[in-house]
Amino acid sequence: AQDPVRNPALTPSSRKPFNAEPPPELLADAFITPNDLFFVRNHLPVPQVDMKKYVLTVGGEGMKKYTFTLDQLKKKFKHRKVVSTIQCAGNRRANMMVVKHIKGLSWGFAAISNAEWTGVYLRDVLAYCGLKDMDTNEALKHVQFEGLDLDPEKAPYGGSIPIQKALDPQGDVVLAWDMNGEPLNRDHGFPLRVVAPGIIGARQVKWLSKIWASPEEYHGHWQQNDYKGFAPQIDWDTVDFKK
């Protein structure tokens, strides 16, 4: 009952949590994917965010901790627009399953969409918080993200990206609040999400609540025990995610 309204043209690969892709013929109609046809990938139930209470926490090991409301982010930092495609790491898994059984949602080939995102550069926010470049603290190797979506044990969804990607002066990792000129809808991360061009969608955390610079990758399940590539002879019975 708390789920967002969705376009009935989307083809679900699961209902709870809701995951779905658009018909391929509609996806190919335009370079920019309409918001209501953008593929949906949710690992956990879609949260309902109270904007009166919403803040983004930013910090890291050896850094001062800051908090920002969405309005403060919009006022303090230069606005940026980035056109970026997001793709689920499981895109075309249904095709792969014809060759060999693999675990995961049976995605077709439309778990990929393109949008113009508006927000602020992650590197601008990190610089304001004291992390201007990789020489500031050489021990920091990753930037971790946490969302407001929670599992049954109240643990948040999270992920991380290499600090080189986050701080690249020529890079374009964005903390986005708009999608194709409209505020993010709930399925796509309202009120704020990470957009990290060139990295799988699983690391582009939605409903963003925390950014943390760390010597280590994010410790959560989906960073440590999923979304990793192995040799063909490795399967779910023999995999060792620690290696």
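Bear in mind that the values in this text are calculations on the coordinates, not laboratory data. The structure presented is a predicted model; accordingly, all values stated were derived computationally and were not measured. Cβ atoms come from the backbone with ideal geometry, glycine included; neighbour counts cover every protein chain shown.
For region 60-96, the list of trypsin sites (Lys or Arg not before Pro) that fall in a loop by DSSP and count at most 15 other C-beta atoms within 10 angstrom reads LYS64, LYS65, LYS78, ARG92.
Counting helices only, and only those DSSP H runs with n ≥ 4, report the 222 nm mean residue ellipticity of the chain as the sum of -39,500 (n - 2.57) divided by its residues, in deg cm²/dmol to the nearest 500. Don't jump to the answer; show the numbers that get you there.
Working: 6 runs with 34 residues, N = 243.
Dividing the helical sum by the residues of the chain leaves -3000 deg cm²/dmol.
Lysine pairs in region 29-112 whose alpha-carbon atoms fall under 23 angstrom of each other, counting only those eight or more residues apart or on distinct chains, come to 17. Here the label points at ALA127 and GLN170, each 7 Å from Cα along the C-beta direction, are separated by 1.7 nm in the simple model. Backbone geometry of region 48-55 corresponds, through the Karplus equation with coefficients 6.51, -1.76 and 1.60 at θ = phi - 60°, to 3J(HN,Hα) couplings of 9, 9, 8, 5, 5, 10, 5, 9 Hz, x marking Gly and Pro.
Among the lysines of region 117-243, pairs at least eight places apart or on separate chains and with Cα atoms under 24 Å apart come to 20.
Backbone geometry of region 227-241 corresponds, through the Karplus equation with coefficients 6.51, -1.76 and 1.60 at θ = phi - 60°, to 3J(HN,Hα) couplings of 6, 10, x, 9, 5, x, 7, 8, 10, 5, 7, 10, 5, 10, 5 Hz, x marking Gly and Pro. Potential lengthening of the chain between LYS78 and ILE200 amounts to 41.3 nm, from the contour at 0.36 nm per residue minus the alpha-carbon distance. Here the Karplus relation 6.51 cos²θ - 1.76 cosθ + 1.60, evaluated at θ = phi - 60°, turns the backbone of region 146-163 into coupling constants of 10, x, 8, 7, 10, 7, x, 8, 6, 8, x, 5, x, x, 8, 10, x, 5 Hz, with x for every Gly and Pro.
Amide H to amide H, with H built 1.01 Å from N, MET63 comes under 5 Å of no residue 5 or more places away or on another chain. All distinct Cα pairs of the chain go into the 1/r average, and the inverse of that average, the Kirkwood radius, is 18.7 Å. In this simple spin-label approximation, LYS16 and ASN114 carry label points 7 Å from Cα along the Cα→Cβ vector, and these lie 3.7 nm apart.
Indicate the gyration tensor shape class of region 1-61 (rounded, prolate or oblate), computed on the Cα atoms with a ≥ b ≥ c the square roots of the eigenvalues: a/c under 1.5 is rounded; otherwise a/b larger than b/c is prolate and the rest oblate. Could you put the intermediate results ahead of the total?
Working: a/c = 2.32, a/b = 1.73, b/c = 1.34.
Prolate.
Residues whose amide H comes within less than 5 Å of that of ASP178, counting only those at least five positions distant or on another chain, are THR118, LEU184 (H built at 1.01 Å from N in the peptide plane).
For ALA110, the residues whose amide H sits under 5 Å from its own are ARG92, ignoring neighbours fewer than 5 places away on the same chain, with H placed 1.01 Å from N.
Subtracting the Cα-Cα distance from 0.36 nm times the residue separation, let me have the gained length for LYS65 to MET134 in nm, one decimal.
Working: separation 69, 0.36 × 69 = 24.84 nm, distance 1.81 nm.
Difference between extended and current length: 23.0 nm.
Taking a ≥ b ≥ c as the square roots of the eigenvalues of the alpha-carbon gyration tensor, region 120-221 is classed oblate because a/c is 1.5 or more while a/b is no larger than b/c.
Taking 0.36 nm per residue of sequence separation and removing the Cα-Cα distance, the ARG92/GLN48 pair yields an extension gain of 12.8 nm. With both labels modelled 7 Å from their Cα along Cα-to-Cβ, the HIS219 to LYS103 distance reads 2.2 nm.
Could you order peptides 141-151, 122-132 by the average number of other Cβ atoms within 10 Å of their residues, highest first? Walk me through the intermediate numbers first.
Details: 141-151: 20.6, 122-132: 19.1.
Ranked from most to least packed, the peptides come out as 141-151, 122-132.
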